[in-house]
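Data block below; observations after.
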């Protein structure tokens, strides 16, 4: 069991005052957090690229042409040339997909950064919900904790509906609503009265 002080399977919701252009108004899904640091993927920054461009580069032919139109996301400032797929481990037909290189975040969500998940998606072997991102966000030992103390982020348990089904432009507000917060009412200047 993960200790409660760690934020694995949480959303990090950027406070309005967080001006870092990498994270302004973002929702980051925390895939792993432990004493050594944290790794997450921004889930509300779609790029102009589509999944079909990744399939083309990898010479993968999708069986469902609509899959190629799925947006790619800017997952964070680290390794932007690398593909990360947040996905359900069990698809709608009850089919399980859990690759060798999958980081299991929960009993039903994993993150895979290998070609095999993309091939499984293209062939129809995997049909569950997914979000494909380029790059990730990372924090060194104690760094995320310091940012939380500095009031840079709100955090709350992640929600699969927001992660996979909510419109991109609504994810920031909807993630905050899970905590009972109307993010639009928060001032961009913390601590100034």
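The values are calculated or read from the model by the stated rules, or taken from the named source; none is laboratory data. Everything numeric here is computed off the predicted structure, so don't read it as measured data. Methodologically, a virtual Cβ is constructed for each residue, glycine included, from the backbone with ideal geometry; neighbour enumeration extends over all protein chains shown.
One table, with the values for the structure above:
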| item | result |
| --- | --- |
| Residues of region 152-185 that turn out to be under 13 Å from the mean Cα position of the chain (by Cα) and in a helix (DSSP H, G or I), as a count | 9 |
| Members of region 24-56 that are at pLDDT below 95 and crowded, with 21+ Cβ neighbours inside 10 Å | none |
| Counted residues, region 85-134 - those being in contact with a helix residue (DSSP H, G or I) (Cβ under 7 Å, 6 or more places away or on another chain), assigned to a strand (DSSP E or B) and loosely packed, with under 15 Cβ neighbours inside 10 Å | 0 |
| Region 44-100: number of residues that are under 16 Å from residue 129 (Cβ atoms), free of Cβ contacts under 8 Å to residues at least 40 places away in the same chain and out of contact with any strand residue (DSSP E or B) (no Cβ under 9 Å at 6 or more places or on another chain) | 6 |
| Residues satisfying the stated conditions in region 146-159, i.e. under 18 Å from residue 105 (Cβ atoms) and exposed (fewer than 14 other Cβ atoms within 10 Å of the Cβ) | 157 |
| Residue, surrounded by the fewest Cβ atoms within 10 Å (Cβ to Cβ), within region 1-23, restricted to residues that are closer than 18 Å to residue 169 by Cβ and out of contact with any strand residue (DSSP E or B) (no Cβ under 9 Å at 6 or more places or on another chain) | 21 |
| Residue within region 144-156 that is without any contact (Cβ under 8 Å) to a residue 24 or more places away in the chain and closer than 12 Å to residue 43 by Cβ present | no |
| Test: residue in region 52-71 that is assigned to a strand (DSSP E or B) and under 27 Å from residue 138 (Cα atoms) | yes |
